[in-house]
Structures are given as structure tokens and as C-alpha cells.
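Asker: Below: one structure in C-alpha cells.
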Amino acid sequence: MSIQDFNYASAYSKVYSISNEGLKIVFKGELENESDRILFTSIDIPVRNLRQLSQVDFDNLKAIYSNQCVLDGDIKFFTYKKKDTLKKVIVENYFHDELSPAIDIINELVPKEHQILYDEKEIKELMKGCEEILIMETFPEIQKN
């Protein structure tokens, strides 16, 4: 499983990949001539954490969960691969009960300076009263001209 945490204002993202083989955080610069670099690795992943991650019901998740009342901010891209199954989910300024534990588990395993920024309370507050919540079953088709 991986979580890509975007910071568009600073033109970078961090990819957090976790499996039974270990955990790795990669910095992905979006500016010209910027190369990816590994920020953190660990092979010591407790079985209980892997078990918790395996409980996430990715099969029943939609492709996009987006709070359209917020133009920028908290954007996460979840990728889950299990055998021949690949599921991708984008969460934008949206609190999702099923996915937030994955962030908590990763944050439990990494040093503070590499934790995924995710303020559950703030995101829930931003969702209150928003009548423009977009949930899409699949990713939209991109038309090529």
C-alpha cells in the first residue's frame, strides 16, 4: 500500500510505501532538475500494523472523495495492491473513516519530521456545512485530442 501526500504550494509530494517487506518514504520534487530521494526506510514493521492495514476494505471504496468547498489543501492518493488487485483512491480535504487509520499507522512508525500531515479535526470542520462533496465511483476519462 502507498499514500502519496501532495504539497502543491511547495511543488513536491512524499510517497509512503508500506508492505510486509518494510516502509519507505520518498520525496518527489515537481520542479525541473529535481530528483526523487529516499527520506526514510525501515524493515521493522510490527505484524499488528500490517494486520490493521489489511483490514481496510479497499474493494468497497470509491475512486474520488473530494470536498469541493476547499480549493487547495489536504490531498492524498492511496494505492492498494493485493495479488492481482489494484485500487486507487484520491481523498481531497475529506475525512474518510476507512482510510484515516492507514495514515495513523504510518505516522506511528515514522519519525515526527516525516509524519503525514493530517488534521482530522480541521478536515471534519471544513466538511461541515459543505454542500459540494464530490464522491465518484471511478476516475473520469481523460479525452485526448
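Asker: When both residues are 6+ apart or on different chains and their Cβ atoms are under 6 Å apart, which pairs have a first residue that lies in region 1-20 and is at positive phi, and a second that is among the aliphatic types (A, V, I, L, M) and in a loop (DSSP other than H, G, I, E, B)?
Answerer: Filtered contacts from region 1-20: 11/31.
Asker: Taking region 19-49, which residues are assigned to a strand (DSSP E or B), aliphatic (A, V, I, L, M) and under 24 Å from residue 73 (Cβ atoms)? Break it down stepwise before answering.
Answerer: Taking region 19-49 and keeping what is assigned to a strand (DSSP E or B), we get 19, 22-29, 37-42.
Imposing the further condition that a residue be aliphatic (A, V, I, L, M) reduces the set to 23, 25-26, 38-39.
Matches in region 19-49: 25, 26, 39.
Asker: Same structure, new question: List, please: which pairs have Cβ atoms under 8 Å, are six or more places apart or on different chains, and start with a residue in region 25-39 that is closer than 15 Å to residue 7 by Cβ and end with one that is of a type in the set (Ser, Thr, Tyr) and assigned to a loop (DSSP other than H, G, I, E, B)?
Answerer: 29/35
Condition check ((1) in contact (Cβ under 8 Å) with a residue 24 or more places away in the chain; (2) in contact with a helix residue (DSSP H, G or I) (Cβ under 7 Å, 6 or more places away or on another chain); (3) surrounded by fewer than 18 Cβ atoms within 10 Å (Cβ to Cβ)) across all residues:
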residue	(1), (2), (3)
90	yes, no, no
97	no, no, yes
107	no, no, yes
114	yes, no, yes
123	yes, no, no
134	yes, no, yes
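Asker: For residue 86, all conditions in the list (1) surrounded by 12 or more Cβ atoms within 10 Å (Cβ to Cβ); (2) within 15 Å of the chain's Cα centre (by Cα) hold save one; what is the number of the exception?
Answerer: Failed condition: (1).
Asker: Of the conditions (1) in contact (Cβ under 8 Å) with a residue 40 or more places away in the chain; (2) surrounded by 14 or more Cβ atoms within 10 Å (Cβ to Cβ); (3) outside any helix (DSSP H, G or I), residue 101 fails just one. Which one is it?
Answerer: Going through (1) in contact (Cβ under 8 Å) with a residue 40 or more places away in the chain; (2) surrounded by 14 or more Cβ atoms within 10 Å (Cβ to Cβ); (3) outside any helix (DSSP H, G or I) one by one, residue 101 breaks only (3).
Asker: Given the conditions (1) within 13 Å of the chain's Cα centre (by Cα); (2) in a loop (DSSP other than H, G, I, E, B), which single one is not true for residue 10?
Answerer: Of everything listed in (1) within 13 Å of the chain's Cα centre (by Cα); (2) in a loop (DSSP other than H, G, I, E, B), residue 10 misses just condition (1).
Asker: Then there's this: Every residue in region 50-74 that is in a loop (DSSP other than H, G, I, E, B), over 11 Å from residue 96 (Cβ atoms) and not charged (D, E, K, R), please.
Answerer: Result: 55, 63, 68, 69, 70, 71, 73.
Laboratory data are not the source of any read-out in this text; all were calculated from the coordinates shown. Quantities reported herein were computed from a predicted structural model and do not represent experimental measurements. Cβ: placed from backbone, ideal geometry, glycine included. Neighbour counts: every protein chain shown.
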